[in-house]
Amino acid sequence: MLDFDAVSSAFELLGSSASAWVYLLPGLLIGLVFGAMPGISITMAMAIFLPLTLYMDFLPAIIFLTAIYTGAGFGGSVPAVLMNIPGTSSALATTFDGYPMARAGRHNEALGVALASSVIGTLSSYILLLLLIVPVSAVVLKLGPLEMFAIAVWGMLLLGSLSGNSVARGLLAGAFGVLIGTIGMNTAGYVRGTMGVPWLLDGVPVIPAMMGLLAASQLLNLINTTYLIENEEDRGISFAAILAGAKTAIRYPLIMMRGAGIGVVIGSIPGVGSSISNLISYSETKRNAPDAETFGTGNPKGVIAAESANSSSEGGAMATMFALGIPGGGATAILLAAFAMHNVVGGPQFIANSKDIVYAIIFTNFAQAVCLMFVGLLFVYAAAYIVRVPLRFLIPSVLAVSTFGAYAISNSLSGPITLFVFSLIGWLMLRYGYPVAATVVGMLLGGLLEENLIRTLQISRGEFSYFLERPGALAIFALMLVSIGLTILNSNRRKRLERSSEIGS
Amino acid sequence: MSNMTRRGVLKGATALGAMIAAPTVLRAQAAYPSQPINVVVPFDTGGYNDRLARALAPYLQDALGQPLIIVNRGGAGALLGHTYFMQQPDDGYTIICTSAAPFLPLNVLTQNASFDVSDFHMINTPSRDYTMMTTANGTGITSVQEVIDRLKEDAGSLSIGIQPASADLVNLMLFADAHGIDRAGLRLVTYSGGGPTRNATAGAVVDVGMVGGQGFLRLADQVTPLMVFDSGPRDGWEAPAVVDVSGADAQFVAGSQRGWGVHASLLASHPDRYEVIASAIESVSKDPAVIAALQEQDLATDWHGPEASNRSIRQTFEVMSRHVDLLQGS
């Protein structure tokens, strides 16, 4: 599997300029700060700093940019835990359990869990990358619309676990989200639901809408509360508790490995990526957990599942980029541009000819993950002070920062307007008992579902036999059914056990 | 509304004379450019125009003596960015880097844009793409003649990956007409964006892809080019040109034409500033150091000049307006 000649020349390359490593820390910090700012995406942070790398050599440039990538990947989960705002769309599932933990005074622990899961997720994804880069690249491009549709459906299964008491309301909220996700021009060139507003032609801007639904509506609900954490003695900032959280994460290697596996595979599919892998990992973990009913109320396992999946998607995206020369998303598109500036072009030839560079980049990312552990500890320690800010200062500041972020995304008022409209919708939904998160999931997946269903119909001309020609899609559907079936069996068995123990007592 | 006045200014050709005749007024102001210049990129970060703008900016700002600020205004097929650009004053402090074709014609023909193609004046469009018919290695299709034969027999026999309402779609339909292929029977699989179309083509998800050829350069060893829609061979692809296959008078639309532009009204309102910008872009585009730096990033710097650039966009607009029915959603 490993080419040891290439490994040793990779180390030579890395050791050749020790000064290159100077860029690692600033990169991580820039990533953390930008990722933690609601509305600033990983892509945006990397695009802003791309021109700087023009004046660097190849190695420092790549270390710098991938450090931003790694840092921003984790940065997004800090506001997700502390304020219910996913800093990036890939931290959505982190809010499900991270935020309830924070509100219950377990903010230190939640941040520690998230950090350790991210670090280990990143590490294991690059180990997988080392081993899987060739087989993954052989499969990725062959995925057709039906397979992509199956993946989107898999993500939609999460709706079941977000519904709370009323399944009907959960499904309704999810369907509402899917409909919002289909606003704009679809893949066949038809324009729907834009009400003549040109800003909606590309659809509702997802991040402002998500921030509005999740954060603003929550914050409005907190208006009669004085602090994020009601109990004063729970508002402590404790290094020990953060470390304890990190230890908690390590106690669930199975969840983490599942998250990393899902993250690498989904992350390697161009155009899907980390915003979906965290949802699938969360719903799989919840469905298989014996304490499934405590998910959503502050179960650290939910945070582990989400964070290990979204951070390991980075490795998957890098595999596709190296092996095929194709950017899976915005971040790898920028990396490819940086590579091109230094005369390095991805693709099968590249892996064959420049193994040393590939290995060097993978090893760099190992180093980054380890550094992230330490830099991240300091960063979350500082960030945790947010819980000590009285809400009468925190709520307006967060709303202001979210509005800036929404403006930064769209470069026009359409972002803030979206934020405002969706805050109102979110507040109304919360008030009348509809799960807001289900709408966000629907919104994230709606476009993917629709465009791949359309393409499936176009390519198959409506012939049902097309299903049989796509064993990959059938396998995904089968896996899904087996997973659901096992869940039902398990929960039935548990109920029977509970009933018999009740009778016995 | 602002277009109306701009067009008015354009018509008043005397304004140009007045400007030249009043050098004292100009001398009273600080020499242009006296403040940073905004470069509007009507696409999000990471695309070709964004990369082109950011790569050329360091050299261009040296030549102009003022910093350039890249302003990304993506969305709605460049409509939002083009509209924004037109709303900025035509004082030479806002220039644009865009895919003038096909997006200006598309904005005007299909999106009810508030501007005309002639409101834009392109100084240079170094990047000139072309539609390429492509298949993945190993699909068994080896030549365009094979595609023609199979589609003639049954137009739905091959799935074709393509973007809706695109120049590629116009080319496909013109190609179908030229070879007696039933347009309505074609099995189109639509993708939103060139990247996804290319991925589907390279992965053999679709049998044939019809999409801009330059984007395939990176995937060159995974695909087999079948035909380029241009008047001659391009970029070293071993594939015939449309004029070799469909006849010397074959109809086709040129692909994306990307580069640098200004308000057309700038030529009348500030001809001196236009000269400064145009000559800076020309000298930078011809600078061997710049050419080498941009080539490393797969970015074009060829100098075609304003006349050829605008003529080509006008021609593209004319062909596209003749086939406007194909551009309105499929």
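The values are calculated or read from the model by the stated rules, or taken from the named source; none is laboratory data. Please read these numbers as outputs of a predicted model, since none were measured by experiment. All Cβ positions, glycine included, derive from the backbone under ideal geometry; neighbour counts span all protein chains shown.
Give the residue that is nearest to A:Ser89 (Cα to Cα), with candidates limited to residues of segment A:408-441 that are aromatic (Phe, Trp, Tyr) and crowded, with 18+ Cβ neighbours inside 10 Å.
Residues of segment A:408-441 that are aromatic (Phe, Trp, Tyr), as a first pass: A:420, A:422, A:427, A:432, A:434.
Keeping just the survivors that are crowded, with 18+ Cβ neighbours inside 10 Å gives A:422, A:427, A:434.
Values: A:Phe422: 16, A:Trp427: 20, A:Tyr434: 21 Å.
Of everything passing the filter in segment A:408-441, A:Phe422 is nearest to A:Ser89 (Cα to Cα).
Taking segment B:54-90 as the search range and keeping residues that are part of a loop (DSSP other than H, G, I, E, B) and under 16 Å from B:Arg258 (Cβ atoms), which one is nearest to the other protein chains (Cβ to nearest Cβ)?
Of segment B:54-90, the ones part of a loop (DSSP other than H, G, I, E, B) are B:65-67, B:73-78, B:88-90.
Narrowing the set further to residues that are under 16 Å from B:Arg258 (Cβ atoms) leaves B:73-74, B:77-78.
Details: B:Arg73: 6, B:Gly74: 8, B:Gly77: 7, B:Ala78: 11 Å.
Once the filter is applied, the top-ranked residue is B:Arg73.
Of the set (1) more than 14 Å from every other protein chain (Cβ to nearest Cβ); (2) surrounded by 19 or more Cβ atoms within 10 Å (Cβ to Cβ), all apply to A:Ala400 but (2).
Quick check on B:Met132: is it touching a residue at least 24 places away in the same chain (Cβ under 8 Å), buried (at least 21 other Cβ atoms within 10 Å of the Cβ) and away from every other protein chain (no Cβ under 14 Å)?
Working: touching a residue at least 24 places away in the same chain (Cβ under 8 Å): yes; buried (at least 21 other Cβ atoms within 10 Å of the Cβ): yes; away from every other protein chain (no Cβ under 14 Å): yes.
Here the answer is yes, as B:Met132 does meet what is asked.
Every listed requirement among (1) modelled with pLDDT under 85; (2) away from chain A (no Cβ under 11 Å); (3) farther than 28 Å from A:Gly196 by Cα is met by B:Met4 save one, (3).
Taken over segment A:123-144, the criterion of being crowded, with 23+ Cβ neighbours inside 10 Å and not in a helix (DSSP H, G or I) is satisfied by A:Leu141, A:Leu143, A:Gly144.
The residue that is farthest from the chain's Cα centre (by Cα), among those in segment B:231-288 that are among the acidic types (Asp, Glu) and closer than 30 Å to B:Asp90 by Cβ, is B:Asp272. Considered as a group, the residues in segment B:299-328 that are within 24 Å of B:Phe252 (Cβ to Cβ) and within 14 Å of another protein chain (Cβ to nearest Cβ) include one that is surrounded by the most Cβ atoms within 10 Å (Cβ to Cβ), and that residue is B:Leu327. Which of the residues that make up segment A:151-174 are within 20 Å of the chain's Cα centre (by Cα), assigned to a helix (DSSP H, G or I) and within 17 Å of A:Arg287 (Cβ to Cβ)? Result: A:Ile151, A:Val153, A:Trp154, A:Gly155, A:Met156, A:Leu158, A:Leu159, A:Gly160, A:Ser161, A:Leu162, A:Gly174.
For beta carbons closer than 6 Å, sequence separation of 6+ or different chains, a first residue in segment A:268-293 that is more than 14 Å from every other protein chain (Cβ to nearest Cβ) and under 14 Å from A:Ser483 (Cα atoms) and a second that is surrounded by fewer than 20 Cβ atoms within 10 Å (Cβ to Cβ) and hydrophobic (A, V, I, L, M, F, W, C), the qualifying pairs are A:Ser283/A:Leu157; A:Lys286/A:Ala292. Regarding A:Leu457, is this residue within 14 Å of another protein chain (Cβ to nearest Cβ), in a helix (DSSP H, G or I), without any contact (Cβ under 8 Å) to a residue 24 or more places away in the chain and not β-branched (Val, Ile, Thr)? Yes: the conditions hold for A:Leu457.
Which ones in segment A:183-202 are more than 10 Å from chain B (Cβ to nearest Cβ) and crowded, with 19+ Cβ neighbours inside 10 Å? Within segment A:183-202, just A:Ile183 meets the criteria.
Can you tell me which residues in segment A:408-422 are at pLDDT 85 or above and either touching a Leu at 6+ places or on another chain (Cβ under 7 Å) or among the aliphatic types (A, V, I, L, M) (or both)?
Narrowing segment A:408-422 to residues at pLDDT 85 or above: A:413-422.
Across segment A:408-422, the qualifying residues are A:Leu413, A:Ile417, A:Leu419, A:Val421, A:Phe422.
Would you call A:Tyr55 in contact with an Asp or Glu (Cβ under 8 Å, 6 or more places away or on another chain) and either farther than 23 Å from A:Ser281 by Cα or touching a residue at least 12 places away in the same chain (Cβ under 8 Å) (or both)? Spell out the reasoning first.
Details: in contact with an Asp or Glu (Cβ under 8 Å, 6 or more places away or on another chain): no; either farther than 23 Å from A:Ser281 by Cα or touching a residue at least 12 places away in the same chain (Cβ under 8 Å) (or both): yes.
Judged against the criteria, A:Tyr55 is not a match.
The residues of segment B:180-197 that are touching a Gly at 6+ places or on another chain (Cβ under 7 Å) and touching a residue at least 60 places away in the same chain (Cβ under 8 Å) amount to a single one, B:Thr190.
Number of residues in segment B:33-60 that are free of Cβ contacts under 8 Å to residues at least 24 places away in the same chain and more than 22 Å from B:Gly215 (Cα to Cα): the value is 2.
Name the residue, out of A:Ile326, A:Ile334, that is crowded, with 24+ Cβ neighbours inside 10 Å and outside any helix (DSSP H, G or I). Explain how you work it out, then say what you get.
On the way: A:Ile334 fails: outside any helix (DSSP H, G or I).
From the options A:Ile326, A:Ile334, the qualifying one is A:Ile326.
Residues that are crowded, with 17+ Cβ neighbours inside 10 Å and touching a Pro at 6+ places or on another chain (Cβ under 9 Å) were ranked within segment A:165-182; the one that is nearest to the other protein chains (Cβ to nearest Cβ) is A:Gly174.
Selection over segment A:206-238 of residues that are surrounded by fewer than 17 Cβ atoms within 10 Å (Cβ to Cβ) and among the aliphatic types (A, V, I, L, M) gives a count of 3.
Checking A:Gly376, A:Gly405, A:Gly415 one by one, the residue that is under 29 Å from B:Val40 (Cα atoms), touching a helix residue (DSSP H, G or I) at 6+ places or on another chain (Cβ under 6 Å) and not in a loop (DSSP other than H, G, I, E, B) is A:Gly415 and no other. Being hydroxyl-bearing (Ser, Thr, Tyr), under 13 Å from the mean Cα position of the chain (by Cα) and not assigned by TED's automatic domain parsing to the domain that holds B:Gln214 is a property that B:Tyr48 has.
Can you tell me which residue in segment B:164-185 is nearest to the other protein chains (Cβ to nearest Cβ), limited to those that are part of a loop (DSSP other than H, G, I, E, B) and not acidic (Asp, Glu)? Only one residue fits best here, namely B:Pro164. Residues that are aromatic (Phe, Trp, Tyr) and assigned to a helix (DSSP H, G or I) within segment A:175-217 comprise A:Phe176, A:Trp199, listed in sequence order. Within segment B:191-211, being more than 7 Å from chain A (Cβ to nearest Cβ), closer than 17 Å to B:Tyr48 by Cα and surrounded by fewer than 24 Cβ atoms within 10 Å (Cβ to Cβ) holds for B:Gly193, B:Gly194, B:Gly195.
From B:Leu219, B:Leu151, B:Leu188, grab the single residue that is in a helix (DSSP H, G or I), under 25 Å from the mean Cα position of the chain (by Cα) and buried (at least 17 other Cβ atoms within 10 Å of the Cβ). Only one candidate passes the filter, namely B:Leu219.
Free of Cβ contacts under 8 Å to residues at least 60 places away in the same chain and within 22 Å of the chain's Cα centre (by Cα), is that true of A:Pro253? Steps first, answer last, please.
Details: free of Cβ contacts under 8 Å to residues at least 60 places away in the same chain: yes; within 22 Å of the chain's Cα centre (by Cα): yes.
So A:Pro253 passes the test.
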